[in-house]
């Protein structure tokens, strides 16, 4: 069985993420979408919320499972029998950043990283940018799954009420 890990913070999951995950899902028997935990960063959504949103957003993909991990991604890949890490690339800047990580990961464990070019329709999308635009009142409804958009707007309202 071929299996791959698709890692990310997914804070929140965007339609660009889902495009990559869907395209990877037709290439592998199993895709493990892994919400990476960075204890040094405070996300807008908790890890549990991100897992829930991702499970909801990928429910239509039977060979996708969602998990979380704190530590070296290659350790997770090896422990779960994944032969590849798959990452979407929006442009040259992503490649420059990801290549060094891919080379280090291969050196550590022999696990390869495969890159998939992002659909140009989504090449401008990032979770950070979506959150920033939404926080300033921009319309990001078509950039996120509907339920994720609802949760984002509710979270922004909660934060505004606290200020």
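List of remarks:
- Dividing the helix sum by the residues of the chain, where each DSSP H run of 4 or more adds -39500 (n - 2.57), gives a mean residue ellipticity at 222 nm of -14000 deg cm²/dmol.
- Answer label, with log10 I(q)/I(0) by the Debye sum over Cα atoms at q = 0.09, 0.14, 0.17, 0.20 Å⁻¹ calculated from the coordinates and candidates [x] -0.38, -0.87, -1.18, -1.43; [y] -0.44, -0.79, -0.97, -1.15; [z] -0.29, -0.71, -1.05, -1.41: [z]
- Stretching the chain fully between residue 75 and residue 114 yields a gain of 12.4 nm (0.36 nm per residue, less the alpha carbon separation).
- Estimated distance in nm for a label pair at residue 65 and residue 121, the labels positioned 7 Å out from Cα along Cα-to-Cβ: 3.0 nm
- Degrees, to the nearest 10: 92-109 long Cα axis against longest axis of the chain: 40 degrees
- Seen against the Cα atoms of the chain and their longest principal axis, helix 47-57 is set at about 80 degrees.
- Neighbour counts of other Cβ atoms within 10 Å put 76, 124 in the fewest-to-most order 124, 76.
- Using C-alpha pairs below 8 Å separated by at least 6 residues, the relative contact order for the chain is 28 percent.
- Förster-model FRET efficiency, 30 Å R0, residue 128 and residue 29, C-beta, rounded to 0.05: 0.40
- Extension gain (nm, one decimal) between residue 100 and residue 52, 0.36 nm per residue minus Cα-Cα: 14.2 nm
- Distance between the 7 Å Cα→Cβ label points at residue 41 and residue 163: 2.2 nm.
Since every read-out is calculated from the coordinates, none of them should be taken as a lab result. Everything quoted here is computed from the prediction, not taken from an experiment. We place every Cβ from the backbone using ideal geometry, glycine too, and count neighbours over all the protein chains shown.
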